[in-house]
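Input: a single structure, listed below in structure tokens.
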Amino acid sequence: MSTQLSKSVTLETPANHVELICVNNLWAHASISLFGGHLLSYVPSYDQRERLWLSRDAWLDGTRSIRGGVPVCWPWFGDHPARNLPAHGYVRNQQWRLVSSVDTDDATIVRLRPCAIQNAMNEDGLELELSITVGRQLTLALSTRNTSDRPRNFGAALHSYFEISDIHNTCLKGLSGQCLDKTEDFARKVTPNPYLFEAETDRIHVHPGNRCWIETPDYAIEVNSRGHDSVVVWNPWRAKSAELEDFHDEGFQSMLCVESAITQGFTLAAQQTHTLTQTFA
């Protein structure tokens, strides 16, 4: 049965491209790939400035995960101990379906679910839904429900790639305390102050606050998180980005990942639901 679309929502399939959900309302434009349940673009009407970075070399034909936008990492974050399993889980490489779209007085709400949750870990008993609210700000809410009769463990992330004008003139504010530096074998270090970028950055800020913001000379992007235990900050810099097929060589200069994440593992009780949320404007 086809899903009834709200007035602000259309389905589009450009040539050699994954199927897209396009939202156009009074407050913003957004595009969402049904491959991976992946938000690709968010442009508020009030300033017409793209908030999300998408690699010029991203694969958009559904053959591999998409570089940029907001990938959904679930039911684990990062590498899995079993080497035959993909980094960041498997739903970013699966087809999703549109459950509903609703226009309200101040936003459009789109709900998505993976078409199937099947993988080598046999994650029976876990259900996943992503709600995307497109208005003057953008909210992603990733809900995991445990329908089984026993506790289940999982991890997750909303792996947001933000568009910036120049990484060399960017400062991240609102994070403090200690972090785990993945570039130095997860060494525990003090969060930089000021938080500037001069080299490859891959840090896990465990038990941060709910708010941080990216500042550039021209604008700021505020990022709010809920239901997380970490904020992950990533920029591959020149050498690492050159090693990635889907990351154009100079792309690192105009992007910064600030991810709302569960990296320490979360135990979800039977018949309970957990929601990981990120909001930005």
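The values are calculated or read from the model by the stated rules, or taken from the named source; none is laboratory data. Computed from a prediction, not measured in an experiment: that's the story for all the values here. Glycine gets a Cβ as well: all are built from the backbone with ideal geometry, and neighbour counts include every protein chain shown.
Where in segment 1-80 are the strands (runs of 3 or more DSSP E), entirely inside, with at least 3 residues that are out of contact with any Phe, Trp or Tyr (no Cβ under 9 Å at 6 or more places or on another chain)?
9-12, 20-24, 38-44
Mind checking whether some residue in segment 117-125 is touching a residue at least 60 places away in the same chain (Cβ under 8 Å) and out of contact with any Asp or Glu (no Cβ under 6 Å at 6 or more places or on another chain)?
no
Kindly establish whether Ser176 is more than 21 Å from the chain's Cα centre (by Cα) and surrounded by fewer than 21 Cβ atoms within 10 Å (Cβ to Cβ).
yes
From (1) out of contact with any Ser or Thr (no Cβ under 8 Å at 6 or more places or on another chain); (2) in contact (Cβ under 8 Å) with a residue 12 or more places away in the chain, pick out the condition that doesn't hold for Ile132.
Single failed check for Ile132: (1).
Residues in segment 159-169: is at least one among the aliphatic types (A, V, I, L, M) and either out of contact with any helix residue (DSSP H, G or I) (no Cβ under 8 Å at 6 or more places or on another chain) or modelled with pLDDT under 95 (or both)?
Looking through segment 159-169, none of the residues is among the aliphatic types (A, V, I, L, M) and either out of contact with any helix residue (DSSP H, G or I) (no Cβ under 8 Å at 6 or more places or on another chain) or modelled with pLDDT under 95 (or both).
Which pairs turn up if I take residues in segment 150-167 that are within 25 Å of Trp213 (Cβ to Cβ) and look for partners that are of a type in the set (Asp, Glu) and modelled with pLDDT of 95 or more with beta carbon separation below 7 Å, at least 6 apart in sequence or on another chain?
Ala157/Glu259; Leu158/Glu259; His159/Glu259; Ser160/Glu259; Glu163/Glu50
For segment 242-279, give me the residue count where each residue is outside any strand (DSSP E or B), surrounded by fewer than 20 Cβ atoms within 10 Å (Cβ to Cβ) and either of a type outside the set (A, V, I, L, M, F, W, C) or touching a strand residue (DSSP E or B) at 6+ places or on another chain (Cβ under 9 Å) (or both).
Count: 12.
Each row is one residue, and each column tells you yes or no for (1) within 21 Å of Gly89 (Cβ to Cβ); (2) surrounded by fewer than 21 Cβ atoms within 10 Å (Cβ to Cβ); (3) aromatic (Phe, Trp, Tyr).
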| site | (1), (2), (3) |
| --- | --- |
| Leu5 | no, yes, no |
| Thr13 | no, yes, no |
| Val23 | no, no, no |
| Trp27 | no, yes, yes |
| Leu34 | yes, yes, no |
| Gly37 | yes, no, no |
| Val43 | no, yes, no |
| Asp47 | no, yes, no |
| Asp57 | no, yes, no |
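Answer with yes or no whether Trp96 is surrounded by 14 or more Cβ atoms within 10 Å (Cβ to Cβ), more than 27 Å from Phe247 (Cα to Cα) and of a type in the set (Phe, Trp, Tyr).
no
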